[in-house]
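Colleague: Have a look at this one.
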Amino acid sequence: TEAGSSSAFIIKDGALITKPLSNEILPGIRRNRLLNLAKQIGLQIQERKFSMDEVYNADECFISAATIILLPVIKADGKAINGGKIGPFTTKLRELYKEILKAQAKMI
């Protein structure tokens, strides 16, 4: 549920699922921003552990980190997620985050 320096997220049945903050996960700024954006577009938030079986059966999957906004994941362990397609919530979250970064860059 976490890579070396990134947070992992899955979306299933209208819920964005990610591991809760603890001593086992990085409290990233992007993670927090993505959770807030997810709420804005109507996703329910579940902060809990999830299994690889849940990843394989997710509607959507992505990771985020300080060095990337949001990276869609369409395959894990050679298994396609969502038929190997990027989902609409992942696309929407990435676009919203890009708009925030553009607006912040204009303020500098």
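Every number in this text was worked out from the coordinates using simple rules, so none of it is lab data. Owing to the predicted nature of the structure, the values given are computational and were not obtained by experimental measurement. Using ideal geometry, Cβ is built from the backbone for each residue, glycine included, and neighbour counts are taken over all protein chains shown.
Colleague: Modelled label-to-label distance, A15 and K98, 7 Å Cα→beta-carbon offset: nm?
Modeller: Output for this residue pair reads 3.0 nm.
Colleague: Continuing with this model, one more query. Quote to one decimal, in nm, the extra length available between A80 and N32 on full extension: 0.36 nm per residue of separation minus the C-alpha distance between them.
Modeller: Value of the extension gain: 14.6 nm.
Colleague: In a shell of Cβ-Cβ distance under 13 Å around L70, excluding L70 itself, what net charge do Lys and Arg (+1) and Asp and Glu (-1) give?
Modeller: Net charge in that neighbourhood comes out at +3.
Colleague: Enumerate the calculated ³J(HN,Hα) couplings along region 64-73 in order (Karplus 6.51 cos²θ - 1.76 cosθ + 1.60, θ = phi - 60°), each rounded to whole Hz, writing x wherever the residue is Gly or Pro.
Modeller: Here the 3J(HN,Hα) series is 9, 7, 4, 8, 9, 5, 6, 10, x, 10 Hz.
Colleague: What net charge is computed for the residues neighbouring N32, neighbours being all others with C-beta under 13 Å from the C-beta of N32, Lys and Arg scored +1, Asp and Glu -1?
Modeller: Taking every Cβ under 13 Å from that of N32, the sum is +3.
Colleague: Note the listed values [x] 13.4, 44; [y] 13.2, 41; [z] 17.2, 57, then indicate which one is Rg and Dmax of the Cα atoms in Å calculated from this particular structure.
Modeller: [x]
Colleague: Something else: Which order do the peptides 27-33, 49-55 take when ranked by the mean count of other beta-carbon atoms within 10 Å per residue, highest first?
Modeller: Details: 27-33: 15.4, 49-55: 13.1.
The most tightly packed comes first, giving 27-33, 49-55.
Colleague: Which of the residue pairs K39/K106; K39/K102; K85/K106; K19/K79; K19/K75 have a Cα-Cα distance greater than 31 Å in the structure shown? Spell out each step's value before the answer.
Modeller: Details: K39/K106 25 Å; K39/K102 21 Å; K85/K106 33 Å; K19/K79 22 Å; K19/K75 20 Å.
Those over the limit are K85/K106.
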